[in-house]
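What follows is calculated from the coordinates using simple rules that are stated; it is not laboratory data. Predicted, not measured: the structure shown is a model, and the values here were computed from it. Cβ: placed from backbone, ideal geometry, glycine included. Neighbour counts: every protein chain shown.
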Amino acid sequence: MTRPFLSVVIPAYNESPNYSAGCLDPLVPFLSRQKFSWEIVFVDDGSTDDTKARLSEFCRLHPHTRLLTIPHGGKAAAVRAGILAAQGGIILFTDFDQSTPLKFCLDFIAAHRRGAAVVIGVRVHRDAGADSLASRVRSRIFLFFVRLIALPGIRDSQCGFKSFTRGAAAKIFSSLQVCRQNQVSGGYMGAFDVEVLFLARKFGLAIDQLPVDWIRVPSHHLNIWREPVSMLLDTLKIRLYDILGKYG
Ligand SMILES: Nc1nc2c(ncn2[C@@H]2O[C@H](COP(=O)(O)OP(=O)(O)O)[C@@H](O)[C@H]2O)c(=O)[nH]1
Ligand SMILES: [Mg+2]
């Protein structure tokens, strides 16, 4: 098999409502219009609704799409599994709800052509007005500490739209230590993005930060109190692991 130019990795955990809402509809038509070859790798993260059945039907109908399934392990485990299985020269992950429209991948590809190893989205046109005040305050506080502790200079560590050259992806995703655990109950994201970017920096990889749109899609996956606390603890653990030399 020749490698596709672009792999799009999409984690899915109980996404049946978003599937019904048509979130996936623009993907194949958009990618089919491009001159490059591509694949979509869905990772069903132990969904308890009918996401898996629906995605498997989707993949049966559409060439260049495939479905991996893992026991429920949270977003980190799902993205990691997808990235390590992806065949593309450039590997992008994006959220199922398409909060950042896939067309932004064209900017990301251009940045890779200019030499970036890692490209991350910065949510500039953010539909923040729709978020509750509590959720905005939480995210501000969390991001402030994350930057301070682990990622000075990174403008938006949490945007779910990031791409990697094949080599960078392999290096980073095989080195995750904190955010590779499985065995989680309910929705879980953790500081997975933080560890990815921390390692990218540690390995001296060139990171580009590009503006992207962010259309808010309400999400019921995450516990709004447990999640920021576990993110902060994970971030501290990343720093500690680094001091202990666990990243080599
Ligand atoms: N939040 C969450 N997302 C998961 C999990 N496993 C996989 N995902 C996927 O990660 C992506 C981001 O989830 P979403 O709820 O949209 O997060 P948000 O937009 O940051 O609030 C989606 O594609 C989910 O299907 C999980 O345990 N928790
Ligand atoms: Mg979302």
Largest first and in whole Å, what are the equivalent-ellipsoid semi-axes of segment 1-133 based on the Cα gyration tensor, each being the root of 5 times an eigenvalue?
22, 20, 15
Can you run phi through the Karplus equation (6.51, -1.76, 1.60; θ = phi - 60°) for segment 7-20 and list ³J(HN,Hα) in whole Hz, with x for Gly and Pro?
10, 10, 9, 10, x, 9, 10, 6, 9, 4, x, 5, 4, 4
Please arrange Leu205, Leu92 by how many other C-beta atoms lie within 10 Å of their C-beta, fewest to most.
Leu205, Leu92
Sequence of Lys171, Lys75 once ranked by neighbouring C-beta atoms within 10 Å, starting from the fewest:
Lys171, Lys75
Where does the Debye-calculated log10 I(q)/I(0) of the chain sit at q = 0.08, 0.09, 0.12 Å⁻¹, using only Cα point scatterers of equal weight, no solvent?
-0.28, -0.35, -0.66
Whose amide H sits under 5 Å from the amide H of Gly88, counting only residues 5 or more places off or on another chain, with H placed in the peptide plane?
Ser7
Relative contact order of the chain, please, whole-number percent, based on alpha carbon pairs below 8 angstrom and at least 6 residues apart.
24
For the chain, share of DSSP beta bridges that run antiparallel, in % to the nearest 5:
20
Residue by residue through segment 119-124, which ³J(HN,Hα) values in whole Hz follow from phi under the Karplus form 6.51 cos²θ - 1.76 cosθ + 1.60 (θ = phi - 60°), with glycine and proline marked x?
10, 10, x, 10, 7, 8
In segment 6-243, what is the count of Lys pairs whose alpha carbons are under 25 Å apart, counting only pairs at least 8 residues apart or on separate chains?
16
Whole angstrom only: what separates the Cα centroid of segment 39-81 from the Cα centroid of segment 223-248?
27
Neighbour-count ranking for Tyr188, Tyr247, Tyr13, Tyr19 (other C-beta within 10 angstrom, fewest to most) reads Tyr247, Tyr19, Tyr13, Tyr188
